[in-house]
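First comes the structure, then the notes that go with it.
Rule-based calculations on the coordinates, nothing more; no lab input. Source: prediction; values computed, not measured. Here the Cβ positions follow ideal geometry from the backbone for every residue, glycine too, while neighbour counts run over all protein chains shown.
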Amino acid sequence: MASLMRLFRREERVAQPLYEQIVARARQPHWYLDGSVPDTLEGRFAMLATLIALVDVRLENGGEQARFASVSLAECFVGDMDAELRQLGTGDPAMGKKVGSLVGALGGRVGAWRRAVEGTESWEAVTGRSVYREAEVPAEARDYVERQLRLFWSALEARGDEALINGTLP
């Protein structure tokens with residue numbers, strides 16, 4: 001029986017420290033003050049999902065452990081979104097659909113940022129959709145966020161897999 005229980009036990013989320021660092025980074029005031037990201041649930045989700053997407057693209061480009069951590073990062077995101085929705089009063093019947101929608105939004109961002117990193121889509125366009133959902137914002141604010149995201153990406157590329165997996169963000 002004990003071996004059967006081990007079979008169904010969830011593995012520890014290796015990307016939990018990394019996820020926590022991404023959440024802390026998404027909460028930094030400069031995104032909302034200098035970058036005019038709306039300080040709302042939707043704006044904060046957009047910033048979090050954007051940063052997770054960039055980290056995920058970096059992990060996909062890493063070694064086997066980094067790619068494994070990418071899956072773990074997604075699990076951390078799902079667990080956190082589930083908990084957040086429950087705190088907001090979402091009941092079980094609607095939970096799956098809402099979490100699925102959030103996961104889909106993250107997946108769309110991962111694909112868009114992958115294209116930006118590869119150079120097949122502009123950083124400006126992806127920033128507009130990923131962070132602002134095409135809302136009108138001052139050009140300086142959009143430029144600021146794009147510049148910060150480019151710097152973040154450059155630092156992610158320079159970071160080793162192990163350091164990144166352990167939650168050491170640039």
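At a glance:
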read-out: Mean Cα-pair separation over length for the chain, i.e. relative contact order, pairs under 8 Å, 6 or more apart, %; value: 36 percent
read-out: Cβ-based charge dipole, region 14-159, positive-most Cα from Phe68, Ala125, Leu85; value: Phe68
read-out: Value at 222 nm in deg cm²/dmol, rounded to 500, when DSSP H runs of n ≥ 4 in the chain each add -39,500 (n - 2.57); value: -24500 deg cm²/dmol
read-out: Amide H within-cut-off set for Glu121, under 5 Å, with H built and near neighbours excluded; value: Ala116
read-out: Along the chain, longest interval not containing exposed GluC sites (Glu not before Pro), exposed being DSSP loop plus at most 12 other Cβ atoms within 10 Å; value: 13-133
read-out: Surrounding net charge for Phe152, when Lys and Arg each add one and Asp and Glu each subtract one, Cβ distance under 11 Å; value: +3
read-out: More than 26 Å apart - percent of Cα-Cα pairs taken over region 14-159; value: 22 percent
read-out: Span-like helix ranges in the chain, DSSP H, alpha carbon extent 18 angstrom or more, Kyte mean at least -1.0; value: 41-60, 64-87, 92-118, 139-158
